[in-house]
Amino acid sequence: MKVRMVPIGQVFDRFPRTVRDLAKARGKEIHLTISGAETDLDKTIVDEVGEPLMHLIRNCVDHGIEPPDVREARGKPQHGTIALNAYHEGNQVIIEIADDGGGIDLGRVREKAIRIGVIGESDRLSDRETIELIFTPGFSTAEQVTDVSGRGVGMDVVKKNIRRLKGIFDVDSSPGAGTTFTMKLPLTLAIIQALLVRIARTVLDPARRGDRVAAHRRRRRPHGTRRRGDHPARSGRAADPRRRVLPARRAARP
Ligand SMILES: Nc1ncnc2c1ncn2[C@@H]1O[C@H](COP(=O)(O)OP(=O)(O)O)[C@@H](O)[C@H]1O
Ligand SMILES: [Mg+2]
C-alpha cells in the first residue's frame, strides 16, 4: 500500500476566506492565524479532516467570538482571534483550533439540555460534564436556525469523524476566555491495514492448507488398504500419503 504524505496546509488554505466572509456576515472582526501548515500527514487523513475543521472554525466565528462592542465592554480587543495550529508529536499529528471568544456558555448549555430532556433539573453536573453535552446529537444553544448554526448537525458528527480516523477529539473552554478544540490524529492509517494483511496471511497459511489436503487423501484410502504399486517396498516415496500433499505454492493458490 502506498502512503502519500502531504502538508496539512492544503486544507488550511481555504479557511482565511471562510473566516473573512463569515465574520463580515455576522458583523464581527476576526483575525485568523495559521501555524504549522507544513506539518505533513497521510493524504487519506488530510482529505477527511477538512470538513470537521471547517465545522469547528465556523463554530468559533459563530458561537465563540463576541461582537466588537461586547468585546470592548469586556475589556478585550475588538478583533477576535482564531488560531489554527498543527504540529507533530511522536507518531501523531496534533491540530488545535482556538478562539479567544466568550467560551462555551455553560448556563445556556445546561438550560437547553434540561429543556430537551437530556438532563433533569436536579442533576448536578461538573463543568466538564456540561461541556460534554454539546456532543449530544442535535444539540444547539442557537436561538434561531441560520445558515451556519442551529441546525444541530454538528459537534457529535465532528467527534464521530475524528474517531473514525482513529483520532482523539477534545474540547477545553473557559468562560470569558475562549474555547480550544484539539484533534490528535495518527500520521497514517497504513499500519492498521498492514496488520490486517498479516492476519489474512495467517488464515491462508500454505502449510495449513497442505495439512488439510493430506488429511483428506488419507481418509479416502483407509489405513491398511493399498493400491497396486503403492507398496512401500516397490513404489518408494509415492506410497507415503504425506508425499502426496500438494506443494505449498500450489496449495496456497486460491
Ligand atoms: N467555539 C465555540 N464557542 C462557544 N460555544 C461553542 C463553540 N463551538 C460550539 N459551541 C457550542 O456547542 C453547541 C453545539 O455546536 P454545533 O453542534 O456545531 O451546533 P450548532 O452550531 O448548530 O449550534 C453550540 O450551539 C454552542 O453552544
Ligand atoms: Mg455549528
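Taking residue 79 and the conditions (1) surrounded by 15 or more Cβ atoms within 10 Å (Cβ to Cβ); (2) under 14 Å from residue 32 (Cα atoms); (3) away from ligand 2 (no atom under 16 Å from the Cβ), which numbered condition does it fall short on, given that it satisfies the others?
(1)
Exactly one of these conditions fails for residue 73: (1) without any contact (Cβ under 8 Å) to a residue 12 or more places away in the chain; (2) in contact with a Gly (Cβ under 6 Å, 6 or more places away or on another chain). Give me its number.
Every listed condition holds for residue 73 apart from (2).
Between a first residue in region 95-110 that is not assigned by TED's automatic domain parsing to the domain that holds residue 135 and a second residue that is surrounded by fewer than 19 Cβ atoms within 10 Å (Cβ to Cβ) and at pLDDT 95 or above, which pairs have beta carbons less than 8 Å apart while being 6 or more apart in sequence or on different chains?
Nothing qualifies.
Can you work out which of the residues in region 13-38 that are within 14 Å of residue 85 (Cα to Cα) and in contact with a helix residue (DSSP H, G or I) (Cβ under 8 Å, 6 or more places away or on another chain) is farthest from ligand 1 (Cβ to nearest atom)?
38
Go through region 123-207 and tell me which helices (runs of 4 or more DSSP H), entirely inside it, have 2 or more residues that are crowded, with 17+ Cβ neighbours inside 10 Å and at pLDDT 95 or above. Give the steps one after another, and end with the answer.
On the way: elements: 127-132, 155-164, 190-203.
Where helices (runs of 4 or more DSSP H) fall fully within region 123-207 and carry at least 2 residues being crowded, with 17+ Cβ neighbours inside 10 Å and at pLDDT 95 or above, they are 127-132, 155-164.
Taking region 24-65, which residues are in contact (Cβ under 8 Å) with a residue 12 or more places away in the chain, aliphatic (A, V, I, L, M) and either away from ligand 2 (no atom under 15 Å from the Cβ) or surrounded by fewer than 20 Cβ atoms within 10 Å (Cβ to Cβ) (or both)? Walk me through it before giving the result.
In the first step, residues of region 24-65 are kept if they are in contact (Cβ under 8 Å) with a residue 12 or more places away in the chain; the result is 26-46, 48-65.
Still in the list and also aliphatic (A, V, I, L, M): 30, 32, 34, 37, 41, 45-46, 49, 53-54, 56-57, 61, 65.
Of everything in region 24-65, those that are in contact (Cβ under 8 Å) with a residue 12 or more places away in the chain, aliphatic (A, V, I, L, M) and either away from ligand 2 (no atom under 15 Å from the Cβ) or surrounded by fewer than 20 Cβ atoms within 10 Å (Cβ to Cβ) (or both) turn out to be 30, 32, 34, 37, 41, 45, 46, 49, 54.
The values are calculated or read from the model by the stated rules, or taken from the named source; none is laboratory data. Fair warning: this is a prediction, and the values are worked out from it, not measured in the lab. Note: ideal-geometry Cβ built from the backbone for every residue, glycine included; neighbour counts use all protein chains shown.
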